[in-house]
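As structure tokens, the structure follows; a few thoughts come after it.
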Amino acid sequence: MSQDGWKPVRIHGGTSERSKGASGGQFLVDLVIHSAEVKKALQGVIDAHPNLRVKDLNDSAVVQLVILELDEDPTESFSFIETVVQAVDGREVFLTSPRTDSKVLLEALRAGVKEFFPQPIQLNDVEVALGKFVTRCQQDTKDHTKKVGNILCVLGGRGGVGTTSVVVNLGLGLQIASPSKSVVLVELNQQGGDLAIFLDVQSNHSLRDIGSDLSRLDLALLTRVLSKHSSGVQILPSGYDDLSSGRLPPDSVEPILELLQSVFDHVVIDCGHVLDLPTKKALDMASKIMVISTLIVPVVHRTKKILGLLRNSGIDEKKIRVVFNRYSSEEQEVLRETEDTLKIDSSFVIPNDYVTARDSVNTGTPMIVSAPRTAIAKVFHDMVMAMGFRSQDKKEQANWMGRLRGLMNGRGSSKHAQVS
Ligand SMILES: Nc1ncnc2c1ncn2[C@@H]1O[C@H](COP(=O)(O)OP(=O)(O)OP(=O)(O)O)[C@@H](O)[C@H]1O
Ligand SMILES: [Mg+2]
């Protein structure tokens, strides 16, 4: 594997061009509209306004207004609106739909929609609403910076070591610890395809739907390809597996992850155990890389190779963590020797607990929810806390157990339990 050209790219912090809200007094509008006729009409009104511009494919500045057409499944649109509004302070969403029943309007209001345009659209109403929007933006002196969510890559030292288990438990842990934050789990592993099964989520879409044609990549497409877990976590399964032909083009990784980062606080990636080009792109963008290993000799050998590769590739050592899974307490001495061999201290050891792990997978309920009092779940809880991503809100902190109980009560619909 060539390591040339694999250099870390700094993407967090700073005030780059892309983090500025308006450029030249113009505010950027994203049109997430299915109907060509409605889109054309809205585009015309926006083009006529000196302070507004419709986002095009090459635009990387912050979108201040999203005009969205309601999906066939309104619940998906509403959950996405909440995420989009939260992603950037001051961002607004206008909604349009042929449906005008009071239930839809109420839900739209609750989700944070500022204006609603029933179809057929009255262009005068749109002009007035856009005028008010521009005035609000001009009076707003806050510095709106684009959200740049944390990317956390979980990489297996070898296949079957527990990478997907860590991804789902950590992802749910982050969501439960900070319900006001948004979490998406992305399966970059092109050899796996287990993510949706581990969460018992029926998913009709995947990374494969967006990876092959980047010209279609926008918020609208993203809305359609994500699936929501009952915890609030969104998931994007790979859609690639050993059995299907075609691979994720490496160049598609950066734009996809950047779009996810602009909407989600935490992007947790299941990298599988193969260091291919798409994975390398994700590792470059990550703020933390968690390498999962075990104390089995071939796994340690491969983990050592992986760590060497990461170090030689210029990845900042400070963002690498090593976690040993399936650990037994009598392995203390082996653990110490392995840490010496790998030249890194383990951040966490996850106990071996076959029954809890098996039941969790078979019921599609991550251990942090299905068995919160087990030692294994406590380690995942500690991982979330150690990452410093826990909500600072005292009320949110206090409600941790309540939210867990809510999820536990809601579980158990699993089809996987029946097949086991
Ligand atoms: N701490 C643990 N104790 C016992 N069993 C575990 C533990 N962690 C994971 N397992 C089990 O090990 C198996 C493999 O786990 P998982 O699928 O998460 O690994 P993976 O590295 O993602 O595998 P793959 O390479 O196939 O994607 C699963 O059956 C899981 O339930
Ligand atoms: Mg896996």
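Every number in this text was worked out from the coordinates using simple rules, so none of it is lab data. Since we're looking at a predicted model, the values are computed, not measured. As a convention, Cβ positions derive from the backbone with ideal geometry for all residues, glycine included, and neighbour counts pool all protein chains shown.
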Pair A48, S35: separation of 7 Å Cα→Cβ label points (nm): 1.9
Extended-chain gain in nm, criterion 0.36 nm per residue less alpha-carbon gap, K132 and L57: 24.4 nm
Normalised per residue, the volume of the convex hull around the Cα set of segment 21-71 (Å³): 75
Fewest-first sequence of M290, M385, M285 by Cβ atoms within 10 Å of each Cβ: M385, M285, M290
Global form of segment 77-222, assessed from the alpha-carbon gyration tensor, a/c cut-off 1.5: prolate
Loop trypsin sites (Lys or Arg not before Pro), segment 287-395 (other Cβ atoms within 10 Å of the site Cβ: 14 or fewer; DSSP): K343, R373
Shape metrics for segment 196-250, restricted to C-alpha atoms - Rg then Dmax, Å: 11.8, 33
Q332-L214 pseudo-label distance in nm [points 7 Å out on the Cα-to-Cβ vector]: 5.2
Projected label distance in nm at S102 and K343, using a 7 Å step from Cα toward the beta-carbon: 7.0
Label zone at I296, where the point sits 7 Å out along the Cα-to-Cβ direction: segment 362-389 residues whose backbone N lies under 12 Å: none
Bins of 10 Å from zero: percent of alpha-carbon pairs in segment 267-375: 12, 40, 34, 13, 0
Backbone HN-Hα couplings from phi across segment 330-344 [Karplus 6.51/-1.76/1.60, Hz, Gly and Pro as x]: 6, 9, 3, 5, 4, 4, 4, 5, 5, 4, 4, 4, 7, 6, 7
Taking L152, L277 and counting other C-beta atoms within 10 Å, the order from fewest to most: L277, L152
Global geometry of segment 150-419, whether rounded, prolate or oblate, following the gyration tensor of its Cα atoms and the 1.5 cut on a/c: rounded
